[in-house]
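The values are calculated or read from the model by the stated rules, or taken from the named source; none is laboratory data. Only a predicted model underlies this, so the values are computations on that prediction, with no experimental measurement involved. Cβ atoms come from the backbone with ideal geometry, glycine included; neighbour counts cover every protein chain shown.
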Amino acid sequence: MTEKLKEKITTKIWFEDEEADNPFAAKTCYCSGYDVYGDLLGKISWPEYIYLLFKLEKPQPWQAKLLESIAIAIANPGPRDLSVRGAMNGGVGGSTAASCLMAALAPGAGKNGGAREVYQVMRLWQQCEFDLTLWKQKLSDYEDEQTVEVWPASEHSPGFDPYGASCSTPVMHTLNYLVSIYQDGALAFLLKNRQQLEDYADCPVGMTGVIAAAFTDLNFSDEQAEMLFLLLRLPGAAVHSLEQKKLGWRKYPFFGDGLTLTNDPGATSIKNSTENAP
């Protein structure tokens, strides 16, 4: 292939050398300068590689451990979560794997416990940092995004649980454990001032608030945090959709006793068929 015919790909993330006998296949792949299959495979962990992909530099041990712990904490939000429920709906209806994951991404992307809420909290950290006065101002009268019309307007301060009476046990366990990994940053500030921040927001801290603080300590951007939150919650959606597909709609755990047909056409059709039978 001549130099004129070669397409130029501009990326700092990835570089490839092509195979001598197949220009459509890569011989070596480099991620931020590291040979993926020569230097990295078998030598680094999954969270270390994810960090390298996003930040283009090797993480420090505490950063890799913090990212790994985030991934475990949010890998399966559980059937109560809207994103998991979406995947279960796809599974029980016989949808393809890709359709089930897309069904999870849609509600999991929004402002009610979803990835956009994490984005919003990241923006608050950028604006307020460690200033409680600013946090009070922003949380007490939260001003929603004005330029993005994809989602409905926020009905609560992002990072807090609008339905909770107190901070849930999993959220508190996650916050305490993440602070044990990194004690000098947004997570530590959140733990120290949690009750005061909850008073400002008039809601208990939610999982999105904890995860956004952790992403802030990892120096991820708001857009990187939004994308990672979507990605890291997919395992739970995947396994619940597969399970529900096998169980079938008769064992679907939601609304089974809440749907009553007041005018069942099926019963009428059966009666008519019986009467008109030869």
| Residues of region 199-223 that turn out to be part of a helix (DSSP H, G or I) and either under 17 Å from residue 182 (Cβ atoms) or of a type in the set (A, V, I, L, M) (or both), as a count | 11
| task | Inspect region 146-168 for any residue being farther than 20 Å from residue 229 by Cβ and in a helix (DSSP H, G or I) and give the result as yes or no. | result | no
| field | Single match in 80, 85 (criterion: of a type in the set (Lys, Arg), under 23 Å from residue 244 (Cα atoms), at pLDDT below 95 and not in a helix (DSSP H, G or I)) | value | 80
| Residue check for residue 94: in contact with a helix residue (DSSP H, G or I) (Cβ under 9 Å, 6 or more places away or on another chain) and not aromatic (Phe, Trp, Tyr) | yes
| Looking at (1) closer than 30 Å to residue 118 by Cα; (2) polar (S, T, N, Q); (3) surrounded by 11 or more Cβ atoms within 10 Å (Cβ to Cβ), which is the only condition residue 11 fails? | (3)
| task | For residue 50, state whether it is more than 29 Å from residue 146 (Cβ to Cβ), surrounded by 18 or more Cβ atoms within 10 Å (Cβ to Cβ) and out of contact with any strand residue (DSSP E or B) (no Cβ under 8 Å at 6 or more places or on another chain). | result | yes
| task | Kindly state which helices (runs of 4 or more DSSP H) lie completely within region 89-142 and contain at least 3 residues that are touching a residue at least 40 places away in the same chain (Cβ under 8 Å) and either under 18 Å from the mean Cα position of the chain (by Cα) or not assigned by TED's automatic domain parsing to the domain that holds residue 195 (or both). | result | 97-108, 115-128
| task | Looking at (1) at pLDDT 95 or above; (2) more than 21 Å from the chain's Cα centre (by Cα), find the lone condition where residue 33 falls short. | result | (1)
